[in-house]
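Engineer: The structure is given below, and queries will be raised subsequently.
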Amino acid sequence: MYSFKALSTKQINDFREGNEIAFKEIYVLFSPKVYAFAYSFLKDQLQSEEIVQETFLSLWENRGKFDADKVLEPYLFTIAKRQILDQLRKVISTKKLRENLLTSIITQHNDTENQVIFADMLSFANKAINELPKQQQLVFRLSRMEGLSYDEIADRLGLSKNTVKNHLIVAAKKLKTCFDNQEIIFLLCLFSTFFS
């Protein structure tokens with residue numbers, strides 16, 4: 001199963017302390033994925049390269065704020081997502097352009113780069129979900145992936161509505177700790193909407 005590339009504690013600490021060699025290693029390792037991610041939305045080489053530069057500039061400027069106990073790759077995707085959304089806000093000024101972009105994203109769903117990035121991130125999310133206790137996994141999947149209500153889940157599993165609600169609250173708290181930022185969950189939802 002795919003997992004995000006983990007950096008050594010030394011690499012992270014060197015990077016956080018401003019070591020340029022450690023930063024270059026991070027750039028070489030992750031910039032191709034950030035570029036592919038940006039290009040999957042923008043479909044423009046220059047804009048995608050600009051997103052890569054802005055993403056890593058932001059990473060460097062905020063290196064002291066990065067929690068060394070967390071995984072760097074989802075954190076980078078979160079930064080890149082913000083940069084992409086800012087770029088799209090600048091470019092998309094009319095409803096017609098927004099509709100064209102959405103149509104373009106949906107019709108491009110077979111693009112290999114998109115599928116690879118989506119599969120990587122979905123695998124990461126599934127790994128986190130699979131580490132939940134079985135009952136929490138089941139309740140979480142029925143709620144968030146099948147869209148069932150508390151009542152529907154309670155009926156299906158023979159549980160009370162409050163038990164279902166409690167399972168979801170506990171599961172959400174546990175999953176939150178697996179992600180560098182809650183916005184990565186938004187990103188996964190965004191991908192699942194476009195590629196399902």
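The values are calculated or read from the model by the stated rules, or taken from the named source; none is laboratory data. Just so you know, these numbers come straight off a predicted model, no measurement behind them. Cβ placement follows ideal geometry from the backbone for every residue including glycine, while neighbour counts extend to all protein chains displayed.
Engineer: Among the candidates Ala38, Ala22, single out the residue that is assigned by TED's automatic domain parsing to the domain that holds Val71, surrounded by 16 or more Cβ atoms within 10 Å (Cβ to Cβ) and either in contact with a Ser or Thr (Cβ under 6 Å, 6 or more places away or on another chain) or among the basic types (Lys, Arg) (or both).
Structural biologist: On inspection, the qualifying residue turns out to be Ala38.
Engineer: I'd like to check which helices (runs of 4 or more DSSP H) are fully inside region 34-107 and have at least 1 residues that are at pLDDT 80 or above. Don't jump to the end; show me each part of the working.
Structural biologist: On the way: elements: 45-61, 72-91, 95-107.
So the answer is 45-61, 72-91.
Engineer: Another question about this same structure. Select from region 1-21 the residues that are over 19 Å from Ile79 (Cα atoms) and assigned to a helix (DSSP H, G or I) and write down the one among them that is modelled with the lowest pLDDT.
Structural biologist: Only one residue fits best here, namely Thr9.
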